[in-house]
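In what follows, a single structure is set out as structure tokens and then discussed.
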Amino acid sequence: MRNDLRIRTLTERFFDGETSLAEEQELYRLFREGDVPEDLMQYRELFAGFDSICLPQQKNSRRNWRQAIGIAASVLVLFAIGTILLAKQSNDECVAYIYGEKCTDKTIVMQQMQSTLSEMGDISTVDEQMRDFFSE
């Protein structure tokens, strides 16, 4: 008796366009599995048709979501591994290009910096440095 009332209520709401997706799924299930009142038997094939159309789409959408989540997780793992590998590289390396050649000896780089700074010591502003640079 309770199922009869539920089927009647859901059927009426369905035809009024007021059912949610979950309620429609319940209605399809009730028509598929339950005892349907005699006066509603005319709708049994209709709801069976909706049931066969909707269920495969939901399974595919779940599979698509799972696949998308799996791909996102894989990308995240690869990104994390790449970040870890890049972070392990030594960042303490001292590198300078002196007269077009790469130099990694910290002593030579620091001497060249001191030499350059001492040559620029009498120039106090960036404007003066730029004028000096372009006037040569």
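Of the residues V75, V95, ranked by 1.4 Å probe accessible area with the largest first, the sequence reads V75, V95. So, counting K/R as plus one and D/E as minus one, what does the shell of residues with Cβ under 13 Å around F50 add up to? Here the charged neighbours net out to -2.
The values are calculated or read from the model by the stated rules, or taken from the named source; none is laboratory data. Note that this is a predicted model, so its numbers are computed, not measured. Quick reminder, even Gly has a Cβ in these numbers, built from the backbone with ideal geometry, and neighbours come from all protein chains shown. The protein model used for the area step is the full one, side chains on, heavy atoms only, and it has no ligands, DNA or RNA in it. Shrake-Rupley method; radii C 1.70, N 1.55, O 1.52, S 1.80 Å.
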